[in-house]
Amino acid sequence: MEIVKPNLRNFVKSLRDIGYTFEIAVADILDNSISADASNVKIYTIAEPDIIFAMIDNGVGMSSEELVEAMRLATKNPEQEREKSDLGRFGLGLKTASFSQCKKLTVVSKKNNIVSARQWDLDYIADKDEWILITPNPTWVESLPLFDDLRLQEHGTLIVWQKIDALNNNNFTDQITKLRRHLSLVFHRFLEGIDRFKQFTITVNANPIKPFNPFNISHPATQQLAVEKIKLHDSTISVQPFILPHHSKLSQQEYEQYATEEGYTKSQGFYLYRANRLLIYGTWWGLHRAVDAHKLVRIRIDITNDQDWYWGIDIKKSTANPTAEIKADLKRIMRQVTEKGARPFTGRGRKIEDKTTTRFWELVPANGGLRFALNQNHPLLEKLMSELSEENLELLNFYLMGLQAYLPLDAIQAQLQQNPHKVMQETALSIEEVSVLVQRLKSSGLDQDYIESLLKTEIFKNHKELLVNG
């Protein structure tokens, strides 16, 4: 039997390449603050000359022995039962998340008025070829960002990243903006004051993070469907579907806010919360294809921290793959809610078939499908055609056929998806122009039957007074 030690230089490189992004890494270490009963988390960054990241909380803190254990890789058994509020699992988050962004991780913690500090330096480990945990010089520790804050606190923990090579100064401001958005979404329930977190706050460079609830629950047009409880062995899964308001019910600013950076279509689907912390969002887990008709559907799933195996949650807590048993229940719920979620769009689509209104456009069969066609029985078109010469009538027909054939459906759809509030088609016809049209029609001598037919059209339905009294 031989003991074969890993090549630490190569192993450390592999350990760093797990796939964390900056914002996911920060969220992962912030989980530890929540598990430590912190009510306040401060994040501070320095961009020049070298990027430094520091985060301090007012959690319970760690003794020297507890800190050494926390710095150990795989400090926890993933199958071990944990406190319900514990957001960790593998005992790797602090280390792997930090190593993904930096080569030098320093943790300083205060408990019972005793300050302890330990440090991993990956360059030092690679050089010595040993997992040597450094106890940094106290004078050097006192020079760290936010250390004075820790000194004033009764207890808490300070984490500092140095030798950061996953970021650069060129886009650092954009990364901080992305971080703020991510934290406001992932931890929105804690920031809203759920359970014992009545005063929980996060600040980034002295600017407080505001919670972003992706379900827009405060809006009266948001549909909150019934909660369904799914039994999973000895645990319970809570599922609640939401249908967000149609853009016509929102201001442009609010509509864009709830679209998120990914947009409505990519943000539809399941939102998985574990112990109130959002893990994964905007996915159907292969159960459904993301389509525009369902872009307002978001389904919240709440699980406890003892269900990880059934959900296939990874180290980063950013991907999951539920078991077939769970997927069967989710698919059933999904089918019900997507049908309802499509109604704000299909309901508007049916308006074109409303027989009580004479519309400019109609849907007609075409080669086994459908196409949009101009209503040839519209009273204005009929009157125009009756007064044209045969030559001009032929030209008009060609023009109208071309208008129908080359209706820019793709461009219309794209604009309605991306900028629905900027599509102002109604401005193509002003009330002044309608008034001029009425005067011209009246001067030509209208009989009562023709007036009645005009009153059913889209133009005059809301301006009856112009035809009747004008």
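For the reader, a short list of remarks on this structure follows.
- Among residues of region 410-441 being in contact with a Gly (Cβ under 9 Å, 6 or more places away or on another chain) and more than 19 Å from T358 (Cβ to Cβ), the one that is surrounded by the fewest Cβ atoms within 10 Å (Cβ to Cβ) is Q439.
- For Q425, the criteria (1) within 30 Å of Y255 (Cα to Cα); (2) modelled with pLDDT of 80 or more hold in every case but one, which is (2).
- Residue list for region 27-63, restricted to those being of a type outside the set (D, E, K, R), within 17 Å of H188 (Cα to Cα) and outside any helix (DSSP H, G or I): A38, S39, N40, V41, I43
- Members of region 277-315 that are acidic (D, E) and either more than 24 Å from S33 (Cβ to Cβ) or touching a Pro at 6+ places or on another chain (Cβ under 9 Å) (or both): D292, D308
- Answer residue from region 342-366, given it is outside any strand (DSSP E or B) and either modelled with pLDDT of 80 or more or in contact with a Cys (Cβ under 6 Å, 6 or more places away or on another chain) (or both) and is nearest to L403 (Cα to Cα) among those: F360
- For region 152-172, filtering for residues that are in a helix (DSSP H, G or I), in contact (Cβ under 8 Å) with a residue 24 or more places away in the chain and loosely packed, with under 14 Cβ neighbours inside 10 Å leaves 1.
- Filter result for L467 (in contact with a helix residue (DSSP H, G or I) (Cβ under 8 Å, 6 or more places away or on another chain) and part of a helix (DSSP H, G or I)): yes
- Test: H182 is buried (at least 18 other Cβ atoms within 10 Å of the Cβ), of a type outside the set (S, T, Y), within 18 Å of the chain's Cα centre (by Cα) and not in a strand (DSSP E or B): yes
- Yes/no for Q415 being closer than 30 Å to T265 by Cα and either out of contact with any Cys (no Cβ under 9 Å at 6 or more places or on another chain) or not in a loop (DSSP other than H, G, I, E, B) (or both): yes
- Here I209 clears all of (1) in contact (Cβ under 8 Å) with a residue 40 or more places away in the chain; (2) crowded, with 16+ Cβ neighbours inside 10 Å except the condition numbered (1).
- Residues in region 58-90 that are surrounded by fewer than 21 Cβ atoms within 10 Å (Cβ to Cβ), more than 19 Å from D121 (Cα to Cα) and modelled with pLDDT under 90: 13 in all.
- Any hit, region 117-138, residues being modelled with pLDDT of 95 or more and in a helix (DSSP H, G or I): yes
- Residue match in region 381-391 (condition: among the hydroxyl-bearing types (S, T, Y), within 28 Å of E452 (Cβ to Cβ) and either assigned to a helix (DSSP H, G or I) or assigned by TED's automatic domain parsing to the domain that holds A259 (or both)): yes
- All conditions in (1) within 15 Å of the chain's Cα centre (by Cα); (2) free of Cβ contacts under 8 Å to residues at least 24 places away in the same chain; (3) within 21 Å of R332 (Cα to Cα) hold for Q224, with the sole exception of (1).
- Selection status of H246, of a type outside the set (V, I, T), assigned by TED's automatic domain parsing to the domain that holds D37 and buried (at least 16 other Cβ atoms within 10 Å of the Cβ): no
- Residue that is surrounded by 15 or more Cβ atoms within 10 Å (Cβ to Cβ), outside the structural domain of L15 (by TED's automatic domain parsing) and touching a Gly at 6+ places or on another chain (Cβ under 6 Å), where the choices are A320, A342: A320
- Matching residues in region 204-221 - criterion: being at pLDDT 95 or above, assigned to a loop (DSSP other than H, G, I, E, B) and among the polar types (S, T, N, Q): N205, N213, N216
- Residue under evaluation L396, criteria (1) assigned to a helix (DSSP H, G or I); (2) at pLDDT 80 or above; (3) loosely packed, with under 12 Cβ neighbours inside 10 Å, criterion not met: (3)
- Test set (1) out of contact with any Phe, Trp or Tyr (no Cβ under 6 Å at 6 or more places or on another chain); (2) more than 27 Å from L250 (Cβ to Cβ) - E458 fails condition number: (2)
- Which numbered condition L446 fails, given (1) outside any loop (DSSP other than H, G, I, E, B); (2) of a type outside the set (S, T, Y); (3) surrounded by 14 or more Cβ atoms within 10 Å (Cβ to Cβ); (4) without any contact (Cβ under 8 Å) to a residue 40 or more places away in the chain: (1)
- When each of Q119, Q101 is tested for being more than 32 Å from the chain's Cα centre (by Cα), assigned by TED's automatic domain parsing to the domain that holds Q153 and polar (S, T, N, Q), the lone residue that passes is Q119.
- In summary, L225 fulfils each of the numbered conditions (1) of a type outside the set (K, R); (2) surrounded by 11 or more Cβ atoms within 10 Å (Cβ to Cβ); (3) within 25 Å of G93 (Cα to Cα) with the single exception of condition (3).
- Residues of region 186-206 that are of a type in the set (A, V, I, L, M, F, W, C) and surrounded by fewer than 19 Cβ atoms within 10 Å (Cβ to Cβ): I194, A206.
The values are calculated or read from the model by the stated rules, or taken from the named source; none is laboratory data. Only a predicted model underlies this, so the values are computations on that prediction, with no experimental measurement involved. Note that we place each Cβ from the backbone using ideal geometry, even for glycine, and neighbour counts take in every protein chain shown.
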